[in-house]
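The next block holds one structure in the form of structure tokens; read it before the comments.
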Amino acid sequence: MTDSVPETAQSAAPNAVTVGVLAEQADGERRVALTPAMISRLARRNVAVVLAPGAGASAGISADEFTAAGATSGDPTTTDVVVCVGPPAASDVERLRPGTVVAGFLAPLSDHDGIERLNQAGVIAFAMESIPRITRAQAMDALSSQANVAGYRAALLAAQHLPRFFPMLTTAAGTVKPAKVLVLGAGVAGLQALATVKRLGAQATGYDVRPEVADQVRSVGAQWLDLGIEAVGDGGYARTLTDEERAEQTRLLSKAITGFDAVITTALVPGRPAPVLVTADAVREMPAGSVVVDLAGETGGNCELTKPGEVITVDGVTICSPSNLAAEMPGDASELYARNIVELLELITDADGQLTLDAADEIIATACVAGRDQLTWPTDDRAPTEQEARR
């Protein structure tokens, strides 16, 4: 292994960092961490990009497009900063130099072995899902950008599996009533699902335990299902319900669900199993031909009968639990994600393209999940306080 970056990258900007783009290796992952448009944007900071051979091909981006934008084909693990979508493979981590910056969806709350591997490699890792939800970080919010894609695809899946039209149709043979769709969870994915369902012509209804999102649900043309249960948490997420609240929510939802043709569930609590919102009994009470699209399958599922990654039928009801929906639209999903990545890169580099890892910055401190001791602390003559080190 060599510690030098490719000659083409060095000659472009000797004093600027170089950025490497990994080829994603997870099954079904078709996105890429940087796109030609964003590579051109980085070039304005004299940042050169080294692309792994084949990276971006599954997103529909040709090698010629990357080359035209200024990227060089080579080994991305030799660069100063390495970007990815999913966690880097162990074989990639082994080739990273100590002090390399890594940015991507690193699953810090679930992939503890992966985070430890990054720590052992001596790299500085930033998890895109750990970007704080503050106004200044909105352009870096990769969870939201990819949730938009997932919500859109979820609505299409519901329409695909439902054996009837979404919109109302008036024909010579009679009038077809519009389908009724319930979306559970009014976060980014839920709101996008509601908006898409509405555009497809169905009657859209949204539910969430956070009452303040009712106006957002109505703003996309959907109705609001009020069960009288509130659970407002920190950071824009819902808190975990008490046992009593959960039992009451289950009872009321089970009764309401039977009146809908399709149910899309998007409820997640970071770092915890997904709450069960659609019970087995509720599924069995739904009319035959109904559809449940569960976006929380990877963390246990919002539907009690969900089988992650599978499409099953129970008593005539189709239950679909897709994994990594954003990867099914790799072109636009990659473009959105690449913008999030570049916003982060512009935060951690100065105008000359040199790293500025300021530990006093809330975004940097919060998103850093490995190599915290290598961040630049406010002064050089003191060690970080215990409170700073925990950030």
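The values are calculated or read from the model by the stated rules, or taken from the named source; none is laboratory data. Given the structure is predicted, the values throughout are model-derived calculations rather than measurements. Counting neighbours? That spans all protein chains shown, and the Cβs are built from the backbone with ideal geometry, glycine included.
Brief remarks on what is shown
- When segment 106-126 is filtered for residues that are in contact with a strand residue (DSSP E or B) (Cβ under 7 Å, 6 or more places away or on another chain) and within 16 Å of Glu24 (Cα to Cα), only Leu106 remains.
- Within segment 253-282, considering residues that are in contact with an Asp or Glu (Cβ under 6 Å, 6 or more places away or on another chain) and part of a loop (DSSP other than H, G, I, E, B), the one farthest from Asp243 (Cα to Cα): Thr258
- Positions within segment 104-132 being closer than 19 Å to Ala23 by Cα and touching a Cys at 6+ places or on another chain (Cβ under 9 Å), in sequence order: Gly104, Phe105, Leu106, Ala125, Phe126, Ala127
- Hey, Thr306 polar (S, T, N, Q), assigned to a loop (DSSP other than H, G, I, E, B) and modelled with pLDDT of 95 or more or not: yes
- Only listed residue being in contact with a helix residue (DSSP H, G or I) (Cβ under 9 Å, 6 or more places away or on another chain), surrounded by 20 or more Cβ atoms within 10 Å (Cβ to Cβ) and not in a helix (DSSP H, G or I), chosen from Ile319, Ile341: Ile319
- Residue selected from segment 322-337 under the condition assigned to a loop (DSSP other than H, G, I, E, B) and among the polar types (S, T, N, Q), by the criterion farthest from Thr35 (Cα to Cα): Ser323
Table: residues versus (1) of a type in the set (Phe, Trp, Tyr); (2) at pLDDT below 95; (3) surrounded by 17 or more Cβ atoms within 10 Å (Cβ to Cβ).
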{"position": "Ser219", "(1), (2), (3)": "no, no, no"}
{"position": "Gly228", "(1), (2), (3)": "no, yes, no"}
{"position": "Arg239", "(1), (2), (3)": "no, yes, no"}
{"position": "Thr242", "(1), (2), (3)": "no, yes, no"}
{"position": "Phe260", "(1), (2), (3)": "yes, no, yes"}
{"position": "Val263", "(1), (2), (3)": "no, no, yes"}
{"position": "Ala267", "(1), (2), (3)": "no, yes, yes"}
{"position": "Pro270", "(1), (2), (3)": "no, yes, no"}
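- Any pair with Cβ under 6 angstrom, 6 or more apart, that starts in segment 87-103 at a residue that is at pLDDT 95 or above and of a type outside the set (A, V, I, L, M) and ends at one that is in a helix (DSSP H, G or I) and buried (at least 16 other Cβ atoms within 10 Å of the Cβ): Pro87/Gly114; Asp92/Thr77; Arg95/Thr77
- Pairs linking a residue in segment 63-76 that is at negative phi and loosely packed, with under 15 Cβ neighbours inside 10 Å to a residue that is aliphatic (A, V, I, L, M) and assigned to a loop (DSSP other than H, G, I, E, B), with Cβ atoms under 7 Å and 6 or more positions apart or on different chains, do not occur.
Let's see how each residue does on (1) surrounded by fewer than 20 Cβ atoms within 10 Å (Cβ to Cβ); (2) over 15 Å from Ile364 (Cα atoms):
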| site | (1), (2) |
| --- | --- |
| Glu94 | yes, yes |
| Gly104 | no, no |
| Leu109 | yes, yes |
| Glu116 | yes, yes |
| Ala121 | no, yes |
| Ala127 | no, no |
| Ile131 | no, no |
| Ala137 | yes, no |
| Met140 | no, no |
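- Residue within segment 285-293 that is touching a His at 6+ places or on another chain (Cβ under 7 Å), outside any helix (DSSP H, G or I), surrounded by 22 or more Cβ atoms within 10 Å (Cβ to Cβ) and not hydroxyl-bearing (Ser, Thr, Tyr) present: yes
- Arg164 being in contact (Cβ under 8 Å) with a residue 60 or more places away in the chain, surrounded by fewer than 22 Cβ atoms within 10 Å (Cβ to Cβ) and over 14 Å from the mean Cα position of the chain (by Cα): yes
- Pairs with Cβ under 6 Å, 6+ apart, first in segment 360-375 and closer than 13 Å to Ala137 by Cβ, second assigned to a loop (DSSP other than H, G, I, E, B) and of a type in the set (Val, Ile, Thr): Ala367/Ile131
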